[in-house]
Each structure stands twice: as C-alpha cells, then as structure tokens.
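Student: Quick one: the structure is below, questions incoming.
Just so you know, all these numbers are worked out from the coordinates, no wet-lab data involved. Note that the coordinates shown come from a computational prediction; the quantities given were computed from them, not determined experimentally. Positions of Cβ are backbone-derived with ideal geometry, glycine not excepted, and every protein chain shown enters the neighbour counts.
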Amino acid sequence: MWFLDRTARQLRRHPALLTHHPADPDRLESLLRQYDPGLTTSGDWYVAKGTKVRRVEITERQAVLAGVPADRRGAIIARDGLRSVACLLLNGLASRLGGALHPPQEHDGHVDVEVRIGDRPPLGCERVAELLRPSLGERTVRHDHELGLCQIDGKQGDPIHVTYDWPPPDWPVAEPDHSVDLELDVDDPHRSDMETVYRAARSLAAAVGGVVYSMDLPVSRFEDIVPTRDRLSL
C-alpha cells in the first residue's frame, strides 16, 4: 500500500520535480544555497527559507505506488505551508536541472525576470525606461508613485510587461530594496521574446549594479529563465 512507503506517500502528497536520473546532490545543494544562503538541514531534508526539500531515488515499485512515470528514477520533493512557494522553488530548479513538475499542473510556463537593485537610492521610473529603451524599444511610463509601482509600457501588443517597484518618498526605510520586473504572460513564449527579456535584464543590471533573478534564484545564463520543456504525459 502506497501510504506505507515514505517516498511514495510524499510524492502523492507534495509537489515534486521528477528527473530521469537522481539529481547530483552537490549541484542541488549549491542551487539551494543560492536560493537561501542560510540553508540548513533537518534529517534528510534541506530547509530553504522555510521550505523543506528532499532529494530521493525512486525504485520501480515506488514509481508504481506513487503513480509517477516508470522512466523517472529521481525526484526532488518540496514541502511548504504554502504550496505555491514550494512550486515556485521547484520550477526554478527545473530550469537549472531539467525534469518535469509533478503533478503536471504545477508547471509554470510564465517567464518572470527580476533585476534587484538592492539598497541603492531609487533610480526613478523615467531613468529605468531610458535604460531599457535600447533593448526593448520605445517605452512610456504610467506613474503610480503613491503605490511605488510604475508600469513601463511598450507599444500596443508588446508581450513584454515591465514594472518598476519604486519605493515612495515617505517609505520608512532610508534606502529600501527596489527592483525592475520583466514578464512574459503567455504560457509558451517565443524564444526571441525570452532572449529579448534576458538581454534587457542583463543590460539593466550591468548599468545599475543590480542582480538578475528568476523564480527567486540568481540568473547566470539564458537557460535559467526558460521554463522546463520536459512535460509529463500522464
């Protein structure tokens, strides 16, 4: 019975990233430390920002008990009080390790790239638009300084959406973190659109001394922002 096997039980109850072979433990730990430099362990679980992550090897019998494809021999299981948080981390790991999300509906095809500017003084939304134009073309700004969230719009039909999280003048912290978010809303974005987003984010980060993130993990290559292509057919 599936509930008597710990791994099968966890695969049935929690989201997981399934791979054809078990993930390299050193590579997984390295990625989790990028996600949370304060990474700790609890038994055979890693604990990253409160999310528990376990790397497992799946036997043929466990695959049957858990109801996962028979060709999968590795899994990364994530447990969090908020399932969406666990799935965000798993989708980020998928872009870097390959594999497919289980259950399949946990796959996130949304491309979301964030340039974190840190605790430097705010740039101002017009300056952000100016820095993005060489990569994205003409952009206009819809200001909302009371909320500190300005939209930097392209021409009608442009699939790339840009938001500048700009702390308002009366923000209680002297130099709060702020960021620029670049998104593609379609589930299967064109590669050229993703490449444009990647180039724009890298260029902006270089100009302002920021760091590029996707799925809360730092980005070091184009593939880090690309949703996994390995979909499960269950």
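Student: Taking every alpha carbon pair in the range 1-142, what does the distance histogram look like in 10 angstrom bins from 0, in percent?
Tutor: Values per bin, smallest distances first: 11, 35, 26, 15, 9, 4, 0.
Student: On to the next question. What does the charge dipole of the range 10-102 about its Cα centre add up to, to the nearest 20 debye, if the Cβ of each Lys and Arg holds +1 and the Cβ of each Asp and Glu holds -1? Intermediate results must be reported in sequence, preceding the final value.
Tutor: Working: 14 positive and 9 negative charges, 56 e Å.
Value, rounded to 20: 260 debye.
Student: So, one more: Give me a comma-separated list of calculated 3J(HN,Hα) values for the range 190-196, in order, Karplus coefficients 6.51, -1.76, 1.60 applied at θ = phi - 60°, integers in Hz, x for any Gly or Pro.
Tutor: 5, 4, 4, 5, 5, 5, 5
Student: Choose one of Val68, Ala94, His190: the residue whose Cα lies farthest towards the positive end of the charge dipole of the chain (beta-carbon charges +1 Lys, Arg; -1 Asp, Glu; about the Cα centre).
Tutor: Result: Val68.
Student: Report the relative contact order of the chain, percent, no decimals, based on alpha-carbon pairs under 8 angstrom and at least 6 residues apart.
Tutor: Dividing the mean separation by the residue count of the chain yields 22 percent.
Student: Please list, in order along the range 123-129, the HN-Hα scalar couplings obtained from phi with the Karplus expression 6.51 cos²θ - 1.76 cosθ + 1.60 (θ = phi - 60°), rounded to whole Hz, x for Gly and Pro.
Tutor: These are the phi-based 3J(HN,Hα) values: 6, x, 5, 5, 5, 4, 4 Hz.
Student: Just to confirm my understanding: which cysteines in the chain have no other cysteine beta carbon less than 4.7 Å from their beta carbon?
Tutor: For the chain, the answer is Cys87, because their Cβ atoms have no other cysteine Cβ under 4.7 Å.
Student: May I have the convex hull volume per residue, in Å³, for the Cα set of the range 68-218? Walk me through the numbers before you get to the answer.
Tutor: Details: hull volume 20.5 nm³, N = 151.
For the range 68-218, the hull spanned by Cα atoms encloses 135 Å³ per residue.
Student: Another question, if that's okay. So what's the net charge close to Arg54: Lys and Arg +1, Asp and Glu -1, counting the other residues with Cβ under 13 Å from its Cβ?
Tutor: Numbers: positive: Arg6, Arg9, Arg13, Lys52, Arg55, Arg79; negative: Glu29, Asp44, Glu57, Asp80.
Local charge sum for Arg54: +2.
Student: Continuing with the same structure: Excluding Cys125 itself, what net charge comes from residues whose Cβ is under 14 Å from its Cβ, given Lys and Arg +1 and Asp and Glu -1? Working shown, then result.
Tutor: Details: positive: Arg127, Arg133, Arg139, Arg142; negative: Glu126, Glu130, Asp144, Glu146, Asp153, Asp165, Asp181.
Overall, the nearby charge balance is -3.
Student: Once amide H atoms are built 1.01 Å from N in the peptide plane, which residues 5 or more positions from Gly118, or in another chain, come under 5 Å H to H?
Tutor: Those lying under 5 Å, H to H, from Gly118 are His178.
Student: More than 11 Å apart: what percent of Cα pairs in the range 103-146 qualify?
Tutor: So the portion of pairs separated by more than 11 Å is 78 percent.
Student: Take each of the peptides 122-132, 87-97, average the number of other beta-carbon atoms within 10 Å over its residues, and list them starting from the highest. Write out the running numbers ahead of the final one.
Tutor: Numbers: 122-132: 18.9, 87-97: 23.5.
Most protected by this proxy first, the peptides run 87-97, 122-132.
Student: What's the magnitude of the charge dipole for the range 1-54 around its Cα centre, counting Lys and Arg as +1 and Asp and Glu as -1 at the beta-carbon? Answer in Debye, nearest 20.
Tutor: Working: 9 positive and 6 negative charges, 61 e Å.
My answer is approximately 300 debye.
Student: A follow-up question, please. What list of ³J(HN,Hα) couplings, whole Hz, do you get for the range 63-74 from phi and the Karplus terms 6.51, -1.76, 1.60, once you set θ to phi - 60° and write x for glycine and proline?
Tutor: These are the phi-based 3J(HN,Hα) values: 4, 5, 4, 7, x, 10, x, 5, 8, 9, 10, x Hz.
Student: Follow-up. Just add up the charged neighbours of Ala94: K/R +1, D/E -1, any other residue whose Cβ is under 12 Å from the Cβ of Ala94.
Tutor: Details: positive: Arg96, Arg229, Arg231; negative: Glu106, Asp108, Glu223, Asp224, Asp230.
Surrounding charge for Ala94 is -2.
Student: Next up: With springs connecting C-alpha atoms under 10 Å apart, model the chain as a Gaussian network and identify which of Val85, Val115, Val212 has the largest mean-square fluctuation.
Tutor: Val85
Student: Add -39500 (n - 2.57) for each DSSP H run of 4 or more in the chain, then divide by its residues: what number comes out at 222 nm, to the nearest 500 deg cm²/dmol? Please report the intermediate quantities before stating the final value.
Tutor: Values: 6 runs with 71 residues, N = 234.
Using -39500 (n - 2.57) per qualifying helix, the result is -9500 deg cm²/dmol.
Student: What is the magnitude of the charge dipole of the chain about its Cα centre, with +1 placed on the Cβ of each Lys and Arg, -1 on the Cβ of each Asp and Glu, and no other charges, expressed in debye to the nearest 20?
Tutor: Working: 29 positive and 37 negative charges, 216 e Å.
With Lys and Arg at +1 and Asp and Glu at -1, about 1040 debye.
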